[in-house]
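*Asks:* For reference, the structure I am asking about is given below.
The values are calculated or read from the model by the stated rules, or taken from the named source; none is laboratory data. Just so it is clear, the structure is predicted and the values come from calculations on it, not from any experiment. Cβ atoms come from the backbone with ideal geometry, glycine included; neighbour counts cover every protein chain shown. SASA here: full protein model, heavy atoms, side chains in, ligands and nucleic acids out. Shrake-Rupley method; radii C 1.70, N 1.55, O 1.52, S 1.80 Å.
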Amino acid sequence: SGESPKLPAELERMLAAKLIRHGSHLHAGQGRRLSLGAIAQPSFHPLGNTLIDADGALIRRKAYQEFSVHTREAKVSMMSKTKGAEIWYTLDGSDPRDEGGSRRRFRKPVAMCFDGDGTHDIALRAVAVIEGLPPSRVALSPVFRLQGQVAPVTLREHRGDSGVMLSMECPTPGARIYYEDSGGFPNVTSRVYEEPIRLTTLIVRAFAVKKSQTDSVFSKFELLLQVALPKATFAGEQVLSSSLEEVPQAVFLDAIDLRIDCESEDAKGFKALYSLSRDDPEWSIKNRRYTAPFKVTEPGVYHAGFWAVAYGMADSPMGEGDFTIQNRCLPPSLSPANGVFTRSMEVHAATEQPEEEVILTLDGSQPSIDNPKAHRLPPTIAAFTPVLLDRFALEFAQRVGEVADPLEVTVKAISVRRGLVDSLVSTSSITLLDLVIPPAISPAPGPYSELVEVTFSCETPDATIVFTTDGSEPSSATPAPPPPISRTQSSATETSAPSRTSSSFSACVPPVPPVPLEAASLFGTHVAYPDMPLRITSVGATRVKARALRGGMAASNVTTSELSVFAQAVAWGCAKHCQLGAGEGQHALEDRVALAPMRVAGLEGHDLVSIYSGFRHTAFVTSKGKVLLSGVSLHGRLGHDQGDLLIPHSVKNLEGVRIHSVAAGQRHTVLLAVSGCVYTFGDGSQGQLGHGDNIGCSLPRLVATIRPGKHVEAMTGKVSHMMQVKAVAAGGYHSLVISTDDGLMT
């Protein structure tokens, strides 16, 4: 009829088992059909952990359970009664027949874990497959409820002078801690932990519970003897920290020696530990074992911790020690280091490192930032700003007595920088002296006739004046000893005290009689005395240099005066033809005759070196090679056509020519230049002028035939050497010269 036969249930199960083993299927009627050739669907078998039902009651383990609760994890094994079938499963509820999904092949029991708070339900889906056959029906596992376990209770002891306190902590939020201090195991009827307890027993056990989570495991605390607190000793040079920062810890210079001692060193398994960085979160991991004293040299801030452990004993309390190691700044260099200076000077400070500052004092006090009188020199790119020391500055005014008192300035300086100990003090001793007022020299510079008497004065009281006349600088040290004093001088004169008004001598130099000093006989530095002038009689310029000295003061600047003495001419005899050069004074002479020497007029300011007398005229030669003549101008013998001259006048047409010597004839004049050239003028009627004719002239004319040097004839090119003259002479109507080769020409 095409319908499947109806079989009893027992027969159906037996036949199905046999057909499954032979790989065929059977479908039964009445809603059930036995299919020949189908694969048996997988079955699930929970493993491990005690099972409880939905009501929390314990149940027996069985192959299929609709719901089970497990602590933290559950393991499930799967199997299919069809021999050789592979099982594929999913955990996320997806179809395990989907090859592109998240299915996995079953090879070993599947472990499902949950470590969070609360519960987590998991249901597996699985299918069995054999190649070439349709897969089995999808099997749905029971619900596996995984619930987390409360974290274990942490027990910590806190030892103090009042005893041992025990604190309990559970990392699981909302967990309640139960404990027993009688040595037994606690339960939910035991005491609830609320605050640290004082230990009176040796053993405490505790556990934690939370709704919907498995109770924690039991935690045990056993009170042990505690290792004694180690004692740390820091040995080193303790100094103050940098002035630029406050350091609460003890500061040691460069290094410390660290030593740890403990009374429990003889305990079994004793070990001392330390850490130099207590602020490090991993300091307890990075600790080191202490074996012997050691040195810490690295600069920095240290928060040290040290403790000790031993077998069968509680760890010692944590010992703490904070300290700082700093290096020292190098002292600043002061320039100049020492010295004596006049009125003001600059002090320069420099450091080894550009980041360092300099704290400087000028009154000898200790330099520091807190010192109100200290100068703070911040660093710059190149160097520090110099500090000006001026004895007239306000900060030094109260330290100076009389004007002449030396000012002693003690400069002290240190270098400072954050993280470094202040440097040692650098010291510089500076003496600032007041300057003596330069002396005055009288009379004023200029030319003087025959002689000049020089006096010196200084406005600084009790100053000693020294001078030179040989062009050298007057000494600023001990002056030359005074000249010997005549025995005829009175003792009162020798011991008279000097005046404190404007003077030219020091109290240590006795005054001497007013005997003028001759400048020509002085060499080097000499002392100027009151009322004892310096006499200059040497013809020519004398440069007088003077300096004033006084104890406790700096020597004055040098005063220089250029004084010139010129020789003057005097003449006597007949003055009828103006040959004496006496000027208008000759009109007062009786019979125009000077019976005694009288000064030649018109020579002021001229330094005469030689005089030449003719028949009715006179020639004067100066040190500058200039020629002046006076007398009768007849025949042009005076070198101009202005008529007779009562006082000497310069010869014209000799610009740029320096005259060495003169020869005066009766009516003519011969001049010898420094260059060796010869010039003549005046009467030439007898050929005495040497120009190759007998014509006179009133202006100087060069004698061409005795010109020095070489001469080349224009026609023949012949070279002839001219005569070099070294002396000239003149008679009444003739002239003579002497050449350098001692030849005589007339």
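*Asks:* So GLY312 passes all but one of these: (1) open to solvent by less than 40 Å² (accessible area, probe 1.4 Å); (2) farther than 21 Å from THR410 by Cα. Which condition number does it fail?
*Replies:* Against the list (1) open to solvent by less than 40 Å² (accessible area, probe 1.4 Å); (2) farther than 21 Å from THR410 by Cα, GLY312 comes up short only on (1).
*Asks:* Something else now. Give me the pairs: first residue in region 116-145 and on the phi > 0 side of the Ramachandran plot, second residue surrounded by 15 or more Cβ atoms within 10 Å (Cβ to Cβ) and in a strand (DSSP E or B), beta-carbon distance under 8 Å, and six or more apart or on different chains, which are they?
*Replies:* That search, which allows pairs on different chains as well, returns GLY118/GLN147.
*Asks:* I would also like to ask the following. Being at pLDDT 85 or above and within 30 Å of THR351 (Cβ to Cβ) narrows it down to one of VAL425, VAL436, so name that one.
*Replies:* VAL425
*Asks:* Still on this structure, please answer the following. Since VAL209 meets every condition but one in (1) loosely packed, with under 14 Cβ neighbours inside 10 Å; (2) at pLDDT 90 or above, which condition does it not meet?
*Replies:* Only one criterion in (1) loosely packed, with under 14 Cβ neighbours inside 10 Å; (2) at pLDDT 90 or above is unmet by VAL209, namely (1).
*Asks:* Using the structure shown, decide if ARG198 is under 30 Å from TYR311 (Cβ atoms), open to solvent by 30 Å² or more (accessible area, probe 1.4 Å) and of a type in the set (Lys, Arg).
*Replies:* yes
*Asks:* Next question. Can you tell me which residue within region 667-685, out of those that are among the polar types (S, T, N, Q) and buried (at least 19 other Cβ atoms within 10 Å of the Cβ), is nearest to VAL725 (Cα to Cα)?
*Replies:* THR680
*Asks:* Condition check: on the phi < 0 side of the Ramachandran plot, crowded, with 17+ Cβ neighbours inside 10 Å and either in contact with a Cys (Cβ under 7 Å, 6 or more places away or on another chain) or of a type in the set (A, V, I, L, M, F, W, C) (or both). Does LEU273 satisfy that?
*Replies:* yes
*Asks:* Shifting gears a bit: The conditions are (1) under 30 Å from LYS412 (Cα atoms); (2) surrounded by fewer than 15 Cβ atoms within 10 Å (Cβ to Cβ); (3) of a type in the set (Gly, Ala, Ser), and SER428 fails exactly one of them. Which is it?
*Replies:* SER428 satisfies all of (1) under 30 Å from LYS412 (Cα atoms); (2) surrounded by fewer than 15 Cβ atoms within 10 Å (Cβ to Cβ); (3) of a type in the set (Gly, Ala, Ser) except (2).
*Asks:* Checking the structure you have, find out if any residue of region 498-515 is β-branched (Val, Ile, Thr), assigned to a strand (DSSP E or B) and either modelled with pLDDT of 85 or more or surrounded by 14 or more Cβ atoms within 10 Å (Cβ to Cβ) (or both).
*Replies:* no
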